[in-house]
Amino acid sequence: MENNNLIKRIIGVVIASFILALNVKTFVHTGGLIPGGAMGLSLLIQQVVLSFAGIVIPYTAISLLLNAIPVYIGFRFIGKKFTWLSLLAIVCSSIFTDLLPEHIITQDILLISIFGGLMNGFAISICLLLDATSGGTDFISIYLSEKNGIDSFNIILGFNAVILTIAGALFGWDKALYSIIFQFTSTIVIRLLYRKYQKNTLFVVTNKPEVVSALIYELSNHGATILEGKGSYEHCERNVVYSVISSAETRKVVSGIKKADPEAFVNVFKTDWVDGQFYSRPED
């Protein structure tokens, strides 16, 4: 079973890598965009060397060099299987980018920015959902998320802002501004599809607090606090179970609570910050 799961993850990572490379050879190159991250920096270096020295450097060589330190961080601090799969994504996407021919779908720069960003975010999300990354800043972001227990993907935006500033100064601000639309769209897609480091708070009014608390721990590995309360309408005692869980686990946990206690009242709302011990499933 474990081997079958690994094979599925490998196939998924290769497919995501192909989508990333296809996006570069269609939308990104057509629009002259800089997508951000290690991929964007690789493309920027490739473009700078070609423009000022007339030398074509293979994308693979630049990408592997830039990802050397992030891969080390992955092996050292995140997880070996996770990093091996991520390295597979880096190598495959780099080779595909060098091998695939360029193809123009549309020359409308706004459509390129939006749909290219959607495609980029979708491919990166596939990698993340399979417990891998597309490389570069994703390693750093996940390391900080694991260490600090917060959603650190906004840090990527800051790094990308530096890349886009350099690209704008060298090749024109219009392409840099459209690249911001590309990157923003990509980030939105990732935040919608990959929610591991986003958190939700649960308030559950129930007559079965012990059962609900045990169920939350069983389904999410998160503890809960039982509070005593009083119903204002019926003036009878009520118990409230309070817990903070991963956003990705919320639907499963709420469904389990409603099966255990169909009369339970569940209130779910987003949590921006948690200070204290919060379990995060480690990468393998």
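Each reported figure results from applying straightforward, stated rules to the coordinates on display, with no laboratory input. Note that the structure is predicted; figures quoted are calculated from it, not measured.
A compact table of results
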{"item": "Rounded to 10°, Cα long-axis angle of helix 2-23 versus longest principal axis of the chain", "result": "50 degrees"}
{"item": "Cα-based convex hull, region 50-114, per residue volume (Å³, whole number)", "result": "142 Å³"}
{"item": "Under-23-angstrom lysine pairs by C-alpha in the chain, whenever the two are 8 or more apart or on separate chains", "result": "27"}
{"item": "Cα-based Kirkwood hydrodynamic radius, the chain, one decimal, Å", "result": "20.8 Å"}
{"item": "Helix axis angle, 37-53 relative to the chain longest principal axis, alpha carbon, degrees", "result": "10 degrees"}
{"item": "Sum of -39500 (n - 2.57) over DSSP H runs of 4+, divided by residues of the chain (222 nm, nearest 500)", "result": "-19500 deg cm²/dmol"}
